[in-house]
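The values are calculated or read from the model by the stated rules, or taken from the named source; none is laboratory data. Just so you know, these numbers come straight off a predicted model, no measurement behind them. Here the Cβ is made from the backbone with ideal geometry for all residues, glycine too, and neighbour counts use every protein chain on show. The area values use the complete protein model at the heavy-atom level, side chains included, leaving out ligands, DNA and RNA. Shrake-Rupley method; radii C 1.70, N 1.55, O 1.52, S 1.80 Å.
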Amino acid sequence: ELVSIEVTPTNPSIAKGTTQQLKATGTYSDSSTQDLTTTVTWSSTKVAVATVSNASGSEGLATSVAVGTTTMAATLGKVSGSTTLTVTAAELVSIEVTPTNPSIAKGTKQQFKATGTYSDKTTQDLTAAATWSSTNSSVAAVSSASGSEGLATSVGTGSATITATKGSISGSTTLTVTAAKLVSIAVTPTNPSIAKGTKQQLKATGT
């Protein structure tokens, strides 16, 4: 049976106008744990400070509204867990786009991440909040669409500057697309063994 729920990250602090993804982890009477983020009911004690989503696909996503603190709770049945979310008045001062100057083969894709640094020295993942652009769409296009933000798709060989922008602040990196061809695929983990009824995530890595 479920005995406790832990909400993470613990007591996060974010700037006004940004979001924070929360995670709920349940601990059961046999000491096993399970990710309950999409199963619990999420709530905020002060919706004027921050709201939290129960909508499919965005469960646990907290959105700041005003400066202050609020308790974010995750509840399943009679068990609940919570954390305190602090919303600050900090302003965005810079954006870093990573990985730095990656090189990929034509026909492949590259996921970029935008990390914002604020005036109070805190950082925030802005990948989903930023507007993405490419200086050379004949080399690579980059998505700003929901669910695929920051995903660059190579089109031709050459280089393109990939930029993430939020308000008046932007950051960029250079993506190089080569004519390299796929020669092998390694599937990992190697020869895994799992129990009947369970699952195993496999990964395919191309060289």
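Only one of the numbered conditions (1) surrounded by 10 or more Cβ atoms within 10 Å (Cβ to Cβ); (2) part of a strand (DSSP E or B) is violated by Gly156, and that is (2). For the range 138-147, the set of residues classified as out of contact with any Phe, Trp or Tyr (no Cβ under 9 Å at 6 or more places or on another chain) and modelled with pLDDT of 95 or more consists of Ser138, Val139, Ala140, Ala141, listed by residue number.
Being modelled with pLDDT of 95 or more, open to solvent by 30 Å² or more (accessible area, probe 1.4 Å) and more than 16 Å from the chain's Cα centre (by Cα) is true for just one of Lys16, Lys46. Which residue is that? Testing whether each residue is modelled with pLDDT of 95 or more, open to solvent by 30 Å² or more (accessible area, probe 1.4 Å) and more than 16 Å from the chain's Cα centre (by Cα) leaves just Lys46. How many residues are open to solvent by 70 Å² or more (accessible area, probe 1.4 Å) and assigned to a loop (DSSP other than H, G, I, E, B) if we restrict to the range 27-43? Counting residues in the range 27-43 that are open to solvent by 70 Å² or more (accessible area, probe 1.4 Å) and assigned to a loop (DSSP other than H, G, I, E, B) gives 5. If only residues of the range 94-151 that are more than 12 Å from Thr176 (Cα to Cα) and basic (Lys, Arg) are counted, the one that is nearest to the chain's Cα centre (by Cα) is Lys113. Per the listing Lys113, Lys121, the residue uniquely under 30 Å from Trp42 (Cα atoms), of a type in the set (Lys, Arg) and in contact with a Leu (Cβ under 9 Å, 6 or more places away or on another chain) is Lys113. Can you tell me which residue is most open to solvent (accessible area, probe 1.4 Å) among those in the range 67-94 that are within 29 Å of Ser172 (Cα to Cα) and small (Gly, Ala, Ser)? Going through the qualifying residues, I end up with Ala89. Within the range 1-13, being in a loop (DSSP other than H, G, I, E, B) and open to solvent by less than 80 Å² (accessible area, probe 1.4 Å) holds for Pro9, Pro12. On the stretch given as the range 99-144, residues that are outside any loop (DSSP other than H, G, I, E, B) and open to solvent by less than 40 Å² (accessible area, probe 1.4 Å) total 12.
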